[in-house]
Every structure is written in structure tokens, then in C-alpha cells.
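The values are calculated or read from the model by the stated rules, or taken from the named source; none is laboratory data. It should be emphasised that the depicted structure is a prediction, and the values quoted were computed from it without experimental measurement. Note that each Cβ is placed from the backbone with ideal geometry, even for glycine, and that neighbours are counted across all protein chains shown.
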């Protein structure tokens, strides 16, 4: 069983394996903080995505590389957005997605997917089915990260969909630790959605 899961690493450098594990640990901490609506989701997330930016560039996984650059940028935006206060109260608490944001979500998904297609086409990387799946998951994760930065409950749905698809995808790519990370992400995202819904319902009842 161990050989089945980790045999892909026999040709990896110790540095890359170590960095992947560290990136996974901080990624898990980040998602757990997101579940708890804790601002530490962003600094811990930035550590994880920065590590993966380096690794994914080394491994020539351009779609995933692009996602992590975007994550880092949106983490800075989200960090600022979550800390904004108005008259001593959080200016942007947990909320449901609006009709206008739904339209923007569609636009972001479409434009992101087109962008990934162009990148893969330019680098002649449409040589495997994984490129097509990457296109889909990149669009899903771009929307999910944008909605998380805006503190919308529905961002968890996008994480769940993207995480489920990513579990077998990353294992196929030879990144077992990252695949396991997405398996745990899926579980945390499920409970995160329930917890955020409960928080939102409680705040609506008090208002």
C-alpha cells in the first residue's frame, strides 16, 4: 500500500518532497482557519501557495502554477477585506452571494478557463487529459478564492467540487501528499460550509 501511494517520489529530490509536505501542512492549517472564519487563513495560505508556486514551476505544471499565483494575490486582498471595520464592526461579515456576484462568478470562470487554454496552447501542453481537467479546476478554484476573499458562504461549494476532482488528478500527477491534502480539504470544506451557514443564520436571527 505504501509503495502504491508513494512510489512516485523515488525520482524526486529530498528538497522538493520536504517543501511539498510543508506546503501541504500550511495549506491544511489555512483551510481549517477558513472553516473557523479566522483571519490566519490568509498568512498561512500565503506560505503554502508561495511554496507551491516554486514547486509547480519546477514540475512544469503551468495551470496549477497559475492558480497559486492567483491564490497569493487574492490572499492579500482577502486579508485586507476581512479586517475592514465600520463603526467598530466588521464591514464585510459572512454573507450569501448576490445576483451580481453570481454573474461575476460566471465571468471569472469563463475568462479563467480561456486563459488556461491559451497558456496550455502556447506551451503546447494539451498532451494529456489532465490539461482539460486543469482547465476546469482552475476556473472553479478562481471563483472559489474570489468568493472566499469576499466572505461568501457559497465559496465552500466551489472548494468542494474542485477538491473532489483534484484528489485523483494530483495522485495521477505523482503528487501523493498533495492528493491527500485535497482529500482532507474536501472534508474540511464540507464542515466549513455547514459552520458558515450556521453563523450566517444566527447573525440574521439577531438582526
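Structural remarks
- Of the residues making up the stretch 150-180, those that are assigned to a helix (DSSP H, G or I) and under 30 Å from residue 84 (Cα atoms) number 9.
- So residue 101, is it in contact (Cβ under 8 Å) with a residue 40 or more places away in the chain, crowded, with 16+ Cβ neighbours inside 10 Å and touching a strand residue (DSSP E or B) at 6+ places or on another chain (Cβ under 8 Å): yes
A quick yes/no check of all residues on (1) surrounded by 15 or more Cβ atoms within 10 Å (Cβ to Cβ); (2) within 15 Å of the chain's Cα centre (by Cα); (3) farther than 18 Å from residue 158 by Cβ; (4) in contact (Cβ under 8 Å) with a residue 12 or more places away in the chain:
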| residue | (1), (2), (3), (4) |
| --- | --- |
| 9 | yes, no, yes, yes |
| 13 | no, no, yes, no |
| 49 | yes, yes, no, yes |
| 53 | yes, yes, yes, yes |
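- Filter pass, residue 147 being part of a helix (DSSP H, G or I) and modelled with pLDDT under 95: no
- The requirement of being farther than 18 Å from residue 42 by Cβ and assigned to a loop (DSSP other than H, G, I, E, B) is not satisfied by residue 139.
- Note on the stretch 6-45: residues that are modelled with pLDDT of 95 or more, under 15 Å from residue 170 (Cβ atoms) and part of a loop (DSSP other than H, G, I, E, B) total 0.
- Any hit, the stretch 78-88, residues being buried (at least 20 other Cβ atoms within 10 Å of the Cβ), touching a helix residue (DSSP H, G or I) at 6+ places or on another chain (Cβ under 8 Å) and within 23 Å of residue 36 (Cβ to Cβ): yes
- When we screen 162, 174, 192 for residues that are at pLDDT below 95 and either surrounded by 18 or more Cβ atoms within 10 Å (Cβ to Cβ) or under 26 Å from residue 65 (Cβ atoms) (or both), the only hit is 174.
- If you go through the stretch 86-104 and keep only what is modelled with pLDDT under 90 and over 18 Å from residue 199 (Cβ atoms), you end up with 86, 87, 88.
- Looking across the stretch 55-66, the residues that are assigned to a loop (DSSP other than H, G, I, E, B) and either crowded, with 16+ Cβ neighbours inside 10 Å or touching a strand residue (DSSP E or B) at 6+ places or on another chain (Cβ under 7 Å) (or both) come down to 59, 61.
- Residue that is farthest from residue 159 (Cα to Cα), among those in the stretch 172-183 that are in contact (Cβ under 8 Å) with a residue 60 or more places away in the chain and touching a helix residue (DSSP H, G or I) at 6+ places or on another chain (Cβ under 6 Å): 174
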